[in-house]
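S.K.: Right, I'll just put the structure down here and ask away after.
The values are calculated or read from the model by the stated rules, or taken from the named source; none is laboratory data. In this text the structure is predicted, and so the values were computed from the model without any measurement. Glycine also receives a Cβ, built like all others from the backbone with ideal geometry; neighbour counts cover every protein chain displayed. Just the protein is used for accessible areas: all its heavy atoms, side chains included, with ligands, DNA and RNA removed. Shrake-Rupley method; radii C 1.70, N 1.55, O 1.52, S 1.80 Å.
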Amino acid sequence: MSQQPSPPSAGPVGTLWRLTSAPGEYRVLPDGVVDLMYFDGRLFVAGPDTAGYTGTSPASDAYGLRLNPGVAAEVLGLPMNELAGTTLDLADVVHLPSSLTDAAHRDPAAALVTIARRLWTQADVDRRSLALAASLDRAARGGQDVRTIAGRHHLSERTLRRIAHRTFGYGMKTLTSIHRFQRALALAREGEALAQVAAAAGYADQAHLARETRRFAGVTMTELLA
């Protein structure tokens, strides 16, 4: 597969992407985000994943709108833990005019932007919640532990857990682990030795990296890279 970024024209909602795949098996890995997608003639929302999975498809293009931290819960009106590990038809989550569904078959990228803007306009978006979500996501990407994140945001750990489940679909510890795994995967794909990858990404050692890779991908890092 090759991911080809499209112009980020969806404003504060998210960023468009396009993925071209060859026929055969594909693998999806947890990445700590929620996407609105068009693939194989279907408009759907891909909730936050905690484990990787594989599927098969003919040669095809997938289009997606990667929602910024906190946006999904605001514009879809659902806590993200209810969508964790699922893909749901978008029409089952929000009301969509048939004209938008028809437009997606003709120009998926443009339709996703139109849908995103529509949802944003219709939602009573809490900008403070979005700012908090962005800050929490940055903290997770920075590898901060739960106690530190809670303290720096003046939240109890219990309140932080509730906010994280609504915003990201799982707790901050899981979000931090997913971001760390994605960082390690990016380094490994650049050809770094796995011992160096583990150290650079913030793992205790290479065995720790191996366990987390099994947890999120279901295979070893060597198998994943192959």
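S.K.: How many residues does region 50-61 contain that are under 24 Å from V219 (Cα atoms) and surrounded by 14 or more Cβ atoms within 10 Å (Cβ to Cβ)?
M.R.: 3
S.K.: Of all residues being within 21 Å of V13 (Cα to Cα) and either among the small types (G, A, S) or more than 16 Å from the chain's Cα centre (by Cα) (or both) in region 45-77, which is modelled with the lowest pLDDT? Just the residue, please.
M.R.: To start, the set of residues in region 45-77 that are within 21 Å of V13 (Cα to Cα) comprises 45-49, 62-77.
Cutting the leftovers down to either among the small types (G, A, S) or more than 16 Å from the chain's Cα centre (by Cα) (or both) gives us 46-47, 62, 64, 70, 72-73, 77.
Numbers: A46: 96, G47: 96, A62: 90, G64: 95, G70: 97, A72: 97, A73: 97, G77: 94.
The residue in question is A62.
S.K.: Among the numbered criteria (1) modelled with pLDDT of 95 or more; (2) surrounded by 17 or more Cβ atoms within 10 Å (Cβ to Cβ), which one does H153 miss?
M.R.: Single failed check for H153: (2).
S.K.: Follow-up. Output the number of residues of region 20-60 satisfying the condition of being touching a strand residue (DSSP E or B) at 6+ places or on another chain (Cβ under 8 Å) and either free of Cβ contacts under 8 Å to residues at least 24 places away in the same chain or within 23 Å of D92 (Cβ to Cβ) (or both).
M.R.: We begin by selecting, within region 20-60, every residue touching a strand residue (DSSP E or B) at 6+ places or on another chain (Cβ under 8 Å); these are 20-21, 23-28, 33-40, 42-47, 49, 52-57, 59-60.
After this cut, where a residue has to be either free of Cβ contacts under 8 Å to residues at least 24 places away in the same chain or within 23 Å of D92 (Cβ to Cβ) (or both) as well, the list is 28, 33-40, 42-47, 49, 53, 55, 57, 60.
Residues in region 20-60 being touching a strand residue (DSSP E or B) at 6+ places or on another chain (Cβ under 8 Å) and either free of Cβ contacts under 8 Å to residues at least 24 places away in the same chain or within 23 Å of D92 (Cβ to Cβ) (or both): 20 in total.
S.K.: Does at least one position in region 202-222 carry a residue that is among the charged types (D, E, K, R), out of contact with any helix residue (DSSP H, G or I) (no Cβ under 8 Å at 6 or more places or on another chain), over 23 Å from V45 (Cβ atoms) and not in a helix (DSSP H, G or I)?
M.R.: No, every residue in region 202-222 fails to be among the charged types (D, E, K, R), out of contact with any helix residue (DSSP H, G or I) (no Cβ under 8 Å at 6 or more places or on another chain), over 23 Å from V45 (Cβ atoms) and not in a helix (DSSP H, G or I).
S.K.: Could you please give the count of residues in region 214-226 that are open to solvent by less than 50 Å² (accessible area, probe 1.4 Å) and within 17 Å of K173 (Cβ to Cβ)?
M.R.: Within region 214-226, residues that are open to solvent by less than 50 Å² (accessible area, probe 1.4 Å) and within 17 Å of K173 (Cβ to Cβ) number 1.
S.K.: Next question. Scan region 84-123 for residues that are in contact (Cβ under 8 Å) with a residue 24 or more places away in the chain and in a loop (DSSP other than H, G, I, E, B) and jot them down.
M.R.: A84, G85, T86, V94, L96, A123, listed by residue number.
S.K.: Another one. How many residues does region 63-105 contain that are open to solvent by less than 60 Å² (accessible area, probe 1.4 Å), of a type in the set (A, V, I, L, M) and more than 27 Å from L132 (Cβ to Cβ)?
M.R.: 4
S.K.: Moving to a separate point now. Within region 162-185, can one find any residue that is open to solvent by 50 Å² or more (accessible area, probe 1.4 Å), more than 23 Å from L65 (Cα to Cα), out of contact with any strand residue (DSSP E or B) (no Cβ under 6 Å at 6 or more places or on another chain) and assigned to a helix (DSSP H, G or I)?
M.R.: Yes: region 162-185 contains one or more residues that are open to solvent by 50 Å² or more (accessible area, probe 1.4 Å), more than 23 Å from L65 (Cα to Cα), out of contact with any strand residue (DSSP E or B) (no Cβ under 6 Å at 6 or more places or on another chain) and assigned to a helix (DSSP H, G or I).
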